[in-house]
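Undergrad: Structure provided below as structure tokens; questions to follow.
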Amino acid sequence: MSQPVLGAPLDRVEGPGKVTGRIAYTADNDIPGMVHAVVVESTIANGRIAAIDESAARSAPGVIAIMTPRNAPRVDARKVDANDSLLFLLQGDAVEFDRQPVAVAIAETFEQATYAARLVRVRYDVRPPTTALASGERFLPDQIFGKPAQHKRGMPEDAFARAAVTLKQTYRTPTEHHNPMETHATIAQWTGDRLTIYDATQWVFGVQHRLAATFGIDPKAIRVVAPFVGGAFGCKGQTWSHVPLAAMAARLAGRPVKLVVTRPQMFGWVGHRPQTEQVVGLGAARDGTLAAVTHDVLSETSMSDEFVEPSVVFSRDLYAVPNYAMSDTLSRLNISKPTYQRGPGESTGSFAMESAMDELSYALGIDPLELRLRNYSANDPDSGKPYSSKRLRECYAAAAAQFGWSARNPKVRSTSRGRMLVGSGMATASRATHRSPCTVRMRMNADGNVLVQCGTIEQGTGTPTVYPQLAAEILEIPPERVRFEFGNTDLPAAPIAAGSQTSGSVGSAVVVAARRMRELLVSHDGKPPADGFEVELEDSPPPEEAEHATQAFGAHFAEVEVDPDLGTVRVTRFVGAFDGGRILNAKTARSQMLGGIVWGISMALFEDTRYDARSGRIMNANLSEYLVPTNADIPDVEVILIAGDDPFANPAGAKGIGEVGICGSAAAVANAVYHATGIRIRDLPITPDKLIR
Amino acid sequence: METVNIEVNGRSYSNEVEPRLLLVHYLRDTLGLTGTHVGCDTSSCGACTVLLDGISVKSCTVFAAQAGGHAVTTIEGIGNSGALHPMQEAFWAKHGLQCGFCTPGMIVSCIDLLRRNPDPSDAEIRAGIEGNLCRCTGYENIVRAVRAAAAAMKADEPRRSVAELLPVGAS
């Protein structure tokens with residue numbers, strides 16, 4: 001072939017459907033006889049339901065049923081495993097967070113169901129809620145993703161006490177809600193004891209197993225379809241309460257039910273990034289060499305469930321630090337259960353650690369980039385394992401050169417443009433890559449065209465475009481001759497599309513299957529027989545893969561302008577360079593990095609879920625008050641891909657690229673704000689009130 | 001109930017609707033035109049943007065009854081796979097989309113932006129479509145797409161079909 005297929009910036013195969021509005025997301029589907037369900041959510045954050053008066057709602061036009069704890073089908077709301085979540089399925093009267101489902105209105109039309117939901121009168125016995133991180137009951141979780149909640153290497157206390165220079169600061173990140181543009185939606189249809197579900201999910205098999213446990217039926221009796229998913233960023237990874245509620249409503253109504261979660265309800269029961277309070281201690285020699293790092297994290301969890309934001313991963317696994325200590329403490333609050341959000345752990349942890357590194361650079365008078373280079377680690381500092389690949393040095397060099405970092409005046413508040421203060425800052429990006437078992441079926445027909453089937457999903461990452469590229473590269477055929485079928489539980493099992501593991505998991509399974517198909521092809525003199533070939537295999541990471549630590553890396557450089565009178569911050573330039581291993585498609589990969597950086601800018605300047613301390617209710621549960629960046633808030637962002645194979649990571653040679661962009665980017669902005677103003681903001685977001693003193 | 005007569009994508013419709021029915025739900029649920037999406041409830045996100053007599057509106061802010069006697073154009077009426085609007089082609093080619101959920105409303109807004117300002121600067125593009133949120137792309141490729149579409153429309157390039165734009169042999 002004349003052109004390399006892998007890595008080529010091919011246009012998305014589903015692009016025409018997306019630009020013409022022809023492809024269907026979950027809520028776009030219509031099933032004959034379908035009715036509509038609308039969730040009634042609690043208006044208190046702590047207490048119990050004293051009484052529900054649904055009489056007015058029940059007699060409203062078009063209403064089929066009002067489902068309350070009194071008449072809801074009995075189901076099992078418990079978790080199926082440690083990673084699952086306790087659900088709120090109208091099985092009792094306890095209320096433990098704002099916007100917890102307390103009833104469901106079912107009616108012929110969406111308008112009628114919405115109106116009926118508003119007529120449901122709920123009386124509560126209210127107890128005072130706790131939503132401030134400092135006020136919750138504190139405890140050490142039993143484990144964090146299989147590791148202890150406290151961990152040490154070397155002698156951190158001694159090393160810290162003896163260090164020439166020490167720094168200890170507290171950094172805070174707020175509660176943030178994912179807010180993909182598509183809200184959650186579920187359509188449920190019972191046919192006898194068989195259940196068909198359309199759901200906006202990152203994992204059709206997770207929904208299948210959760211519903212099987214909830215209803216006590218065989219998973220094989222449940223078919224889950226995820227049409228195109230309109231963004232997720234982690235909130236569609238869990239099966240949340242509305243999914244079984246839709247199926248319960250369908251059972252009660254005896255009709256298929258569509259349940260669309262509203263935007264204000266997206267702040268209810270579908271997860272969020274937990275707020276954190278992180279104390280980072282750095283002990284260093286005068287030359288900047290780190291002797292000790294401590295990282296103690298307090299994060300929020302819900303009253304009856306546990307989620308730990310693993311912020312410590314960033315400080316634990318990046319710099320060459322011989323002495324290290326971390327701890328993760330949880331605070332129980334009247335909030336819904338937090339969950340994974342783009343770059344869980346490293347996104348929040350990098351803000352703390354990379355802000356602290358910036359502070360240390362000024363304390364020592366060492367250039368921030370130089371300080372990182374002096375602490376560069378050739379191996380994973382915690383496990384001692386070699387990295388599967390690490391091109392972070394190249395990332396620093398390429399991004400710094402593109403940004404013009406060497407021309408920067410290191411003095412704070414030294415640069416202005418008109419009346420604006422100008423500053424620049426940098427930070428390191430790092431994010432672990434994972435790989436899970438994945439099954440694919442690959443068929444080559446007599447005409448040489450190939451069908452690849454795998455039950456993963458498309459949430460904007462480019463699934464139906466990039467995996468055919470990977471197969472085509474190995475089979476030495478044009479990528480347009482490979483079709484990828486995805487998005488339902490009839491297909492071979494795929495892991496959850498999350499955790500920077502899809503390229504490594506689905507991609508590797510496609511590679512292994514394509515290699516086997518290629519062998520078959522060679523043994524048949526390059527021509528498939530009349531009935532074609534079929535390969536189906538489950539690919540799992542072999543034990544030797546654990547001999548290496550696999551992380552994606554990057555370097556962020558940001559320039560900001562700060563209005564000295566108004567305290568407003570604008571990011572005026574941003575350059576990011578990334579080591580994501582082998583790049584499967586330069587166009588979709590670059591876009592992942594752009595999006596990730598903008599999430600970091602958003603984390604630095606905008607996103608902040610606010611709780612009213614007295615009522616425990618969220619005060620900004622909508623997109624007019626929960627701010628995400630608009631087009632006008634964002635400058636041109638330059639992305640540099642430092643591509644290269646990673647033979648030890650996985651057969652695809654790819655590291656995760658969906659999350660590394662947000663890791664470190666908020667710190668780069670905060671560090672630039674310090675350089676511009678001399679004001680160090682340690683609690684996000686950086687709003688004007690914090691800069692006007 | 002109230003009778004509305006609305007022209008949508010060049011076709012005339014007459015329906016009995018509740019006065020409270022929003023235009024977006026009329027388009028989606030009554031007419032089955034699901035390319036127009038619902039993203040917020042507060043007219044913040046722009047996913048539901050359509051043209052009303054050629055001017056962009058957020059269809060969650062308009063009652064179906066208010067659109068009576070007017071002409072509505074949804075993404076389905078902008079262009080189809082047989083003849084893509086230059087803006088649709090540009091969003092595809094310049095990767096002005098990822099998950100695609102904001103894309104129909106975004107494209108409609110961008111078309112209205114070019115109606116008002118056929119040759120916008122990058123800053124004018126960014127300010128001109130700030131009422132349409134995208135959570136995936138980081139916006140830059142959307143700006144590139146608008147620039148490309150503006151150039152194509154200025155040159156009066158003919159509409160192309162998806163088949164013409166695909167590599168040879170693609171199915």
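The values are calculated or read from the model by the stated rules, or taken from the named source; none is laboratory data. The model shown is predicted, which means the values in this text are computed figures rather than measured ones. Because the Cβ atoms are built from the backbone with ideal geometry, glycine has one as well, and the counts that use them run over all protein chains shown. Protein only, heavy atoms only, side chains kept; ligands, DNA and RNA dropped before computing areas. Shrake-Rupley method; radii C 1.70, N 1.55, O 1.52, S 1.80 Å.
Undergrad: I'm trying to understand the selection: among the residues of segment A:80-95, which are open to solvent by 30 Å² or more (accessible area, probe 1.4 Å) and at pLDDT 95 or above?
TA: Hits for segment A:80-95 are A:L86, A:F88, A:Q91, A:G92, A:D93, A:A94.
Undergrad: Quick check on segment A:512-528. Is at least one of its residues in contact (Cβ under 8 Å) with a residue 40 or more places away in the chain, part of a strand (DSSP E or B) and open to solvent by less than 40 Å² (accessible area, probe 1.4 Å)?
TA: no
Undergrad: Something else now. So B:G39 passes all but one of these: (1) at the interface with chain A (Cβ under 8 Å from one of its Cβ atoms); (2) open to solvent by 10 Å² or more (accessible area, probe 1.4 Å). Which condition number does it fail?
TA: So B:G39 meets the others, but not (2).
Undergrad: Which condition number does A:V560 fail, the rest of (1) farther than 18 Å from A:E354 by Cα; (2) open to solvent by less than 10 Å² (accessible area, probe 1.4 Å); (3) of a type outside the set (S, T, Y) being met?
TA: So A:V560 meets the others, but not (1).
Undergrad: Mind listing just one residue for me: the one in segment A:587-626 that is open to solvent by 20 Å² or more (accessible area, probe 1.4 Å) and at the interface with chain B (Cβ under 10 Å from one of its Cβ atoms) and, of those, nearest to B:A127 (Cα to Cα)?
TA: Only one residue fits best here, namely A:S624.
Undergrad: Next up: Report yes if A:V38 is hydrophobic (A, V, I, L, M, F, W, C), within 14 Å of chain B (Cβ to nearest Cβ) and closer than 19 Å to A:M266 by Cβ, otherwise no. Can you show your working first?
TA: On the way: hydrophobic (A, V, I, L, M, F, W, C): yes; within 14 Å of chain B (Cβ to nearest Cβ): yes; closer than 19 Å to A:M266 by Cβ: yes.
So A:V38 fits the description; yes.
Undergrad: Out of segment B:103-128, which residues are buried (at least 24 other Cβ atoms within 10 Å of the Cβ) and in contact with an Asp or Glu (Cβ under 9 Å, 6 or more places away or on another chain)?
TA: B:P104 - this is the single residue of segment B:103-128 that is buried (at least 24 other Cβ atoms within 10 Å of the Cβ) and in contact with an Asp or Glu (Cβ under 9 Å, 6 or more places away or on another chain).
Undergrad: Would you mind listing the strands (runs of 3 or more DSSP E) fully within segment A:95-178 where at least 2 residues are over 15 Å from A:N334 (Cα atoms)?
TA: By residue number, A:101-107, A:121-126, A:150-153, A:165-173.
Undergrad: What residue, of A:L360, A:L330, is assigned by TED's automatic domain parsing to the domain that holds A:Y611, in contact with a strand residue (DSSP E or B) (Cβ under 8 Å, 6 or more places away or on another chain) and farther than 23 Å from A:I662 by Cα?
TA: A:L330
Undergrad: Tell me, yes or no, whether segment A:662-679 has at least one residue that is open to solvent by 20 Å² or more (accessible area, probe 1.4 Å), in contact with an Asp or Glu (Cβ under 6 Å, 6 or more places away or on another chain) and under 22 Å from B:E140 (Cα atoms).
TA: No, there is no match, as no residue in segment A:662-679 is open to solvent by 20 Å² or more (accessible area, probe 1.4 Å), in contact with an Asp or Glu (Cβ under 6 Å, 6 or more places away or on another chain) and under 22 Å from B:E140 (Cα atoms).
Undergrad: If A:R573 satisfies every condition in (1) open to solvent by 10 Å² or more (accessible area, probe 1.4 Å); (2) part of a strand (DSSP E or B); (3) not assigned by TED's automatic domain parsing to the domain that holds A:R419 but one, which is the exception?
TA: So the condition that A:R573 fails would be (3).
Undergrad: Going through segment A:296-330 one residue at a time, which ones are in contact with a Lys or Arg (Cβ under 6 Å, 6 or more places away or on another chain) and in a loop (DSSP other than H, G, I, E, B)?
TA: The answer is A:S302, A:M303, A:D305, A:F307.
Undergrad: So A:D608 clears everything in (1) under 22 Å from A:Y396 (Cα atoms); (2) out of contact with any Gly (no Cβ under 9 Å at 6 or more places or on another chain) except one condition, right? Which one?
TA: That leaves (1) as the condition not met.
Undergrad: Let me ask another. Within segment A:592-625, which residues are touching a residue at least 24 places away in the same chain (Cβ under 8 Å) and closer than 19 Å to B:N132 by Cβ?
TA: Passing the criteria: A:L594, A:G595, A:V598, A:W599, A:I601, A:S602, A:F606, A:E607, A:N622, A:L623.
Undergrad: Looking only at residues in segment A:250-263 that are open to solvent by less than 10 Å² (accessible area, probe 1.4 Å) and out of contact with any Leu (no Cβ under 7 Å at 6 or more places or on another chain), which one is nearest to the other protein chains (Cβ to nearest Cβ)?
TA: The selected residue is A:V261.
Undergrad: Return yes or no: is A:E306 within 19 Å of the chain's Cα centre (by Cα) and surrounded by fewer than 20 Cβ atoms within 10 Å (Cβ to Cβ)?
TA: Yes: the conditions hold for A:E306.
Undergrad: Considering only segment B:64-171, give the helices (runs of 4 or more DSSP H) lying wholly within it that have at least 2 residues that are more than 7 Å from chain A (Cβ to nearest Cβ), of a type outside the set (V, I, T) and closer than 22 Å to B:T42 by Cβ.
TA: B:103-116
Undergrad: Can you name every one of the strands (runs of 3 or more DSSP E) wholly within segment A:370-483 that holds 2 or more residues which are under 21 Å from A:H556 (Cα atoms) and either away from chain B (no Cβ under 14 Å) or free of Cβ contacts under 8 Å to residues at least 24 places away in the same chain (or both)? Full working, then the answer.
TA: Details: elements: A:415-417, A:420-432, A:438-444, A:450-453.
By residue number, A:420-432.
Undergrad: From A:V422, A:V440, grab the single residue that is open to solvent by less than 20 Å² (accessible area, probe 1.4 Å), out of contact with any Phe, Trp or Tyr (no Cβ under 9 Å at 6 or more places or on another chain) and at negative phi. Step through it out loud before you land on a result.
TA: On the way: A:V440 fails: out of contact with any Phe, Trp or Tyr (no Cβ under 9 Å at 6 or more places or on another chain).
That would be A:V422, the only listed residue that is open to solvent by less than 20 Å² (accessible area, probe 1.4 Å), out of contact with any Phe, Trp or Tyr (no Cβ under 9 Å at 6 or more places or on another chain) and at negative phi.
Undergrad: So, of the residues in segment B:47-63 that are open to solvent by 10 Å² or more (accessible area, probe 1.4 Å) and assigned to a loop (DSSP other than H, G, I, E, B), which turns out to be nearest to the other protein chains (Cβ to nearest Cβ)?
TA: Out of the qualifying residues, it is B:C60.
Undergrad: While we're here: Take the conditions facing chain A (nearest Cβ under 10 Å), touching a residue at least 24 places away in the same chain (Cβ under 8 Å) and among the acidic types (D, E) and apply them to B:E7. Does it pass?
TA: no
Undergrad: May I ask you to verify whether A:S361 is buried (at least 24 other Cβ atoms within 10 Å of the Cβ) and within 19 Å of A:A284 (Cβ to Cβ)?
TA: Answer is no for this residue.
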